[in-house]
Amino acid sequence: TEARPADRSHNRKKHYILEEGVPVPFLRDLGVMTEDGKIVRTKTDKFRQINRFLEFIEDILPRLEDRARGGGELTILDFGCGKSYLTFAMYYYLHELKDYDIRIIGLDLKKDVIRKCSELSRKYGYEKLTFLRGDIAGYEGCSQVDMVVTLHACDTATDYALYKAVKWNA
């Protein structure tokens, strides 16, 4: 008898919103990708996390579209943005790939992180992606926010982020 080749139709390549092999400037500068778009071996988990996060954003696009009707700018706040892998990914996905009129503000307590993220934002010409130093509880920079993101808020920061999101009906 002749051996049949194994059926490997179940082995499909995972489709990512940001694909390997397609260079993305912020991923290169944040050490996730090489110049030619390959994923840095030690950053594979970060690359997957970024794409999974973008899948969550993709899931809520209908809600964002409802808020954007009438041509208004959408405002997103990222409380405790840290190194801003996800903040840059949101901006890139929503502004560059989906063409939303969007303003994203990253807020964090660390001065050096805010400086570096601000430099990268300027480097890419991301005029509506800004980074500010400050805490969630004391932030009063916006009167209307469409979405609040906070991935690693610690201690009571989560409570403040939820309170502000509810207050803004975000």
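A few remarks follow.
- Scanning residues 5 or more positions from T75 or on other chains, those with amide H under 5 Å from its amide H are R103, D146, M147, with H placed 1.01 Å from N in the peptide plane.
- Those aspartates and glutamates that a straight Cα-Cα span of less than 12 Å connects to K38, excepting residues fewer than 8 apart in one chain: E19, E20
- Links that overshoot a 22 Å alpha carbon limit, given the list K98/K164; K43/K83; K116/K167; K98/K128: K98/K164; K116/K167
- When semi-axes √(5λ) of the Cα gyration tensor in Å is computed from the coordinates, the matching label among (1) 33, 19, 16; (2) 35, 16, 15; (3) 33, 24, 17 is (1).
- Across region 36-43, rounded Karplus estimates of 3J(HN,Hα) from the backbone phi angles (6.51 cos²θ - 1.76 cosθ + 1.60, θ = phi - 60°) give 8, x, 7, 7, 5, 3, 6, 10 Hz, Gly and Pro being marked x.
- In sequence order, calculated HN-Hα J values of region 121-126 (Karplus, 6.51, -1.76, 1.60; Hz; x Gly/Pro): 4, 5, 4, 8, x, 7
- Positive-end extreme of charge dipole, the chain - chosen from L77, L54, Y139 (charges on Cβ): L54
- Residue-wise HN-Hα couplings along region 161-170, as the Karplus relation 6.51 cos²θ - 1.76 cosθ + 1.60 with θ = phi - 60° gives them from phi, are 4, 5, 4, 5, 4, 5, 4, 7, 6, 7 Hz; Gly and Pro carry x.
- Cα-centred dipole magnitude for the chain, charges only on beta-carbon of K, R (+1) and D, E (-1), debye, nearest 20: 440 debye
- The chain: relative contact order in percent, alpha carbon pairs under 8 Å with at least 6 residues between: 18 percent
Throughout, read-outs are computed from the coordinates displayed, never taken from laboratory work. Not measured: the values here are computed from a predicted model. Every residue, glycine among them, receives a Cβ derived from its backbone with ideal geometry; neighbour counts consider all protein chains shown.
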